[in-house]
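Reviewing the structure listed below.
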Amino acid sequence: MLQIVTIMNRGGLETMLMNYYRQMDRSRIQFDFMVHRAEPGHYDEEIISLGGRIYRMPQIRPGNYRHYFKLLDQFFTEHPEYRIVHSHINENSSFVLRAAKRAGVPCRIAHSHLSDLGLDLKLPFRLYARMAMKDNPNQFFACSSHAGQWLFGKELTAAKRVTVLNNAVHVDSFKYDPEVRRRIRDEWQAGSRLVLGHVGRFNKQKNHTFLLDVFRAVHERRPDSLLVLAGEGVLRKDMEKKATQLGLSDSIRFLGVREDIPELMQGMDLFLFPSLFEGLPVVLVEAQAAGLNCIVSDAITKESDVTGRVQFISLKEPADVWAARIATTSCEHQDTAELLRAGGYDTGTMTRWLADYYLDHAL
C-alpha cells in the first residue's frame, strides 16, 4: 500500500505513521511512501530498513500543477500494484486520489489532519484543491470530527462517512521514569527550576512568538523558570533573535530536532501549545501520555483532551492571563496510560484495527 506525505521528518503525523509501520505485520501489509520533497527525511533510512520504498515527487505548487498531474498519472500507470492509497496531504489529497481513481485503485483514503488553513498567498489554490475533492476518495479519515468537517464538509460528516482515526502514540514509551527525568534536567542544567516545554516546527501555525511573550510574563513571576523548545523550522532564527531581545536567552533552550521526545517530556513540568490552528496534534497526545498538564490555545479541538489534563485559553487573552494560569497549574506528573488505552490512543490497539481495515478494503 502507498502512504502519501510531504516529507518523512519527525513531525506528529510522520511519527504516528512510523509507530503504526513498526508494529504492522509487514508480511501482510507493507508501507511504501510517496513524498513531495527532494531532500531526505529523518525517517527515510528506517523506512528502507523495514522494507519500504520511497518515491519522490516535486513540491506541489500552483505553477507546476500540469507537470505534477502528468507525473501522478505516469506513476500509477507504472505502479499498478497498489490496492490502497492513503493520502495525508490534506486538501492536496484530491489531486493524488484523482490520479489513483483513474488508474483503478480500489481503496482511496483522504485523511484530514488540519481544521483550518493559514492566510498566505497559496490560500486560493488550497481552497481550490479542497473544492476539487469531490468523489476522488472513496474512504474518508480525520484526526478529529472538526478536522473531518473542515475538509469533507458537514454533509459527509453528518452522514457518518468520516472515520475518526485517533492520533495514537506508543503509550508505554512515555511512562514516567524519575531517573530519566533527572538525566534530562541535568542536560538542561534545570535543577529545581520550573521547566515549561513545547515541541513543534518553527512556523507561523505554532505561534512561537506569542509563546515567548507568555514565557516573558511567566519569567517575571518566576525568575527561575526555563523554556525548552524542540523542533526546527524557518522561524527558528527569528525566535532566537526575539529571545535575545527579551533578555531571555539564558532561560530558553533551543533543542533542534530530537529523537528522544518521550524522554524530553519527562524533564518538563508543564506543556504549552498556543497554536493558531491544528487538527488533533499528536504531540499533545504524547504530552498527556507523559503525564503532563497541558495549557493550550482554544483553537485546538476539545477532543484533544483525552485525560482531563488539558486546559484551554483563548488566544485573545493577553500573555499575562496565560502566565497566571501557568502559575496555578500543578506540575505533578500522572500515570495516564489506561486512560489513553481506553480512549483508543495507544498504537498497539489501533495498529490491529488499521491492519484489519486495510485488508478488508484492499479487494
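The values are calculated or read from the model by the stated rules, or taken from the named source; none is laboratory data. Worth saying up front: this structure is predicted, and the values here are computed from it rather than measured. No Cβ is skipped: glycine too gets one built from the backbone with ideal geometry, and neighbour counts run over all protein chains shown. Accessible surface areas use protein heavy atoms only, side chains included; no ligands, DNA or RNA. Shrake-Rupley method; radii C 1.70, N 1.55, O 1.52, S 1.80 Å.
Tabulated results
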| quantity | calculated |
| --- | --- |
| Asp356-Arg222 FRET efficiency (beta carbon distance; Förster radius 41 Å; 0.05 resolution) | 0.25 |
| Total formal charge among the other residues, if their Cβ is under 14 angstrom from that of Ile54, Lys/Arg +1 and Asp/Glu -1 | -3 |
| Top of Ser297, Ser93, Ser330 by mean-square fluctuation, Gaussian network on the chain, Cα under 10 Å | Ser330 |
| Loop sites in region 304-363: trypsin sites (Lys or Arg not before Pro), DSSP, at most 14 other Cβ within 10 Å | Lys316 |
| Loop-exposed GluC sites (Glu not before Pro) per DSSP, neighbour cap 10 Cβ within 10 angstrom, longest uninterrupted part of the chain | 82-258 |
| Charge dipole of the chain about the Cα centre (unit charges at C-beta), most positive-ward option of Ile29, Ser251, Ala337 | Ile29 |
| Additional length obtainable on full extension of the chain from Asp250 to Ser192, 0.36 nm per residue less Cα span | 19.3 nm |
| Simple spin-label estimate for Glu317 and Glu81 in nanometres, 7 Å along Cα-Cβ | 5.4 |
| Alpha-carbon centroids, region 12-53 and region 235-304: separation in whole Å | 25 |
| Contact order normalised by residue count of region 239-313, Cα under 8 Å, 6+ apart, percent | 26 |
| The chain, accessible surface, carbon-and-sulfur percent (1.4 angstrom probe) | 51 |
| Rel. contact order, % - alpha carbon contacts under 8 angstrom, at least six apart, the chain | 16 |
| Summed residue charge, Cβ within 13 Å of Thr329's Cβ, Lys/Arg positive, Asp/Glu negative | +2 |
| Residue-averaged 222 nm ellipticity for the chain, from DSSP H runs of 4+ at -39500 (n - 2.57), nearest 500 | -11500 deg cm²/dmol |
| Å² of accessible area per residue within the chain, as computed with a 1.4 Å probe and no ligands counted | 44 |
| Among beta bridges that DSSP assigns inside region 207-298, antiparallel share in %, nearest 5 | 10 |
| Cα→Cβ-extended label distance, 7 Å offset, between Asp260 and Gln59, nm | 3.2 |
| Within a Gaussian network of the chain (alpha carbon springs, distance under 10 Å), most fluctuating of His88, His219, His170 | His219 |
| Lys154-Leu50 pseudo-label distance in nm [points 7 Å out on the Cα-to-Cβ vector] | 3.9 |
| The chain - charge dipole about Cα centre, Lys and Arg +1 at Cβ, Asp and Glu -1, debye rounded to 20 | 1160 |
| Virtual paramagnetic centre 7 Å along Cα→Cβ of Gln23, amide N under 11 Å, in region 152-189 | 168-173 |
| Estimated dipole of region 1-120 in Debye, rounded to 20 [Cβ of Lys and Arg +1, of Asp and Glu -1, Cα centre] | 400 |
| Paired Rg and Dmax values of region 30-101, which use every Cα atom, in angstrom | 12.4, 35 |
| Cα centroid of region 134-172 to Cα centroid of region 192-227, whole Å | 32 |
